[in-house]
Amino acid sequence: MDYQNLLLDEQGGVLTVTVNRPQARNALSHATLTELRHLLSNLDGPRAVLLTGSEGPAFIAGADIREMAAMTPQEGEAFGALGQQVTRLLEELPVPVVACVDGYALGGGCEMALACDFVYATGKAVFGQPEVLLGLIPGFGGCVRLYRRVGVARAREMIYSGRRADAAEAHRIGLVNQVFDTREEMFAAARLVLADIAANSPTAVATCKATINAVDGLAVGAGLRVELDAFRHTFTTDDMREGTSAFLAKRTPVFHP
Ligand code: CO8
């Protein structure tokens, strides 16, 4: 597929995906979401993904309001389903996905960030779910995922009011892991943490991610059973033999992707 709304750059196993519609503040049009779905369904090779928006006022200013304004209920549902597929694909990739947010992450933009493993931001980042101002609701997973990050009372307040949270607040409430002064510092830090992660067992990292996803919402007992199954599985892997024997031999383990 020829991507018109995405820029791709792979370096050292990290695929940087930049949503590139600066004229619409990187809003998620149907075409952009279709491209993202195609890309994420056909990823082959990268050890990590960094999701960002083209440089400017916005990370992603939400779903495309101009397109939504003319949609029938059926079209709206199909559009919502497409956005949900994209967030689910991000969430279920077997490699870490970091959102790098420099500017507005509103509506569907905030929801894309919420589907990533964690979020780095600049001081310019602004988060919010302003859908109710448009007579809409968060439809790309905001009602499902925001409270898991920030707690249910904060999520309700943000979603019902549609108010914006600046980078400092987003950091304080757990929406953002770290805030950086500049875009360059943010990307450098994201690449550093992804390089650290890439030095670890890829199968173990993928199993951690799948397990954290699988236990989400389960009661403790049920979650522990899922974790135990995954833990048992690690004993079948070459990486576990390599990692433990390297430790005992006081050498650096060598893991293969
Ligand atoms: N969709 C379409 N176009 C947009 C969007 C958007 N979300 N955001 C900005 N644009 C366009 C503007 O229309 C404008 O276009 P033009 O130049 O042709 O007039 C251009 O981008 C520049 O916009 P601004 O002049 O407003 O730029 P500013 O830098 O002054 O402001 C903001 C940036 C604060 C991001 C502002 O543009 C804004 O508030 N945008 C809308 C934010 C918003 O409400 N987002 C939520 C959208 S709803 C949503 O995401 C629902 C997700 C779930 C959908 C489920 C479907 C079923």
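The figures follow:
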item: Residue 174 vs. criteria out of contact with any Leu (no Cβ under 6 Å at 6 or more places or on another chain), on the phi > 0 side of the Ramachandran plot, free of Cβ contacts under 8 Å to residues at least 60 places away in the same chain and buried (at least 17 other Cβ atoms within 10 Å of the Cβ); result: no
item: Evaluation of residue 186 against (1) buried (at least 16 other Cβ atoms within 10 Å of the Cβ); (2) part of a loop (DSSP other than H, G, I, E, B) (one fails), failing number; result: (2)
item: Given (1) under 17 Å from residue 113 (Cβ atoms); (2) of a type outside the set (Lys, Arg); (3) within 13 Å of the ligand (Cβ to nearest atom), number of the condition residue 5 does not satisfy; result: (1)
item: Boolean, residue 166 is under 28 Å from residue 9 (Cα atoms) and not hydrophobic (A, V, I, L, M, F, W, C); result: no
item: Residue 214, sole failed condition from (1) modelled with pLDDT under 95; (2) not in a loop (DSSP other than H, G, I, E, B); result: (1)
item: Strands (runs of 3 or more DSSP E) completely within region 78-159 that count 3 or more residues being hydrophobic (A, V, I, L, M, F, W, C), closer than 23 Å to residue 207 by Cβ and within 12 Å of the ligand (Cβ to nearest atom); result: none
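The values are calculated or read from the model by the stated rules, or taken from the named source; none is laboratory data. The shown structure was predicted, so the numbers you read here are calculated from the model rather than taken from an experiment. No Cβ is skipped: glycine too gets one built from the backbone with ideal geometry, and neighbour counts run over all protein chains shown.
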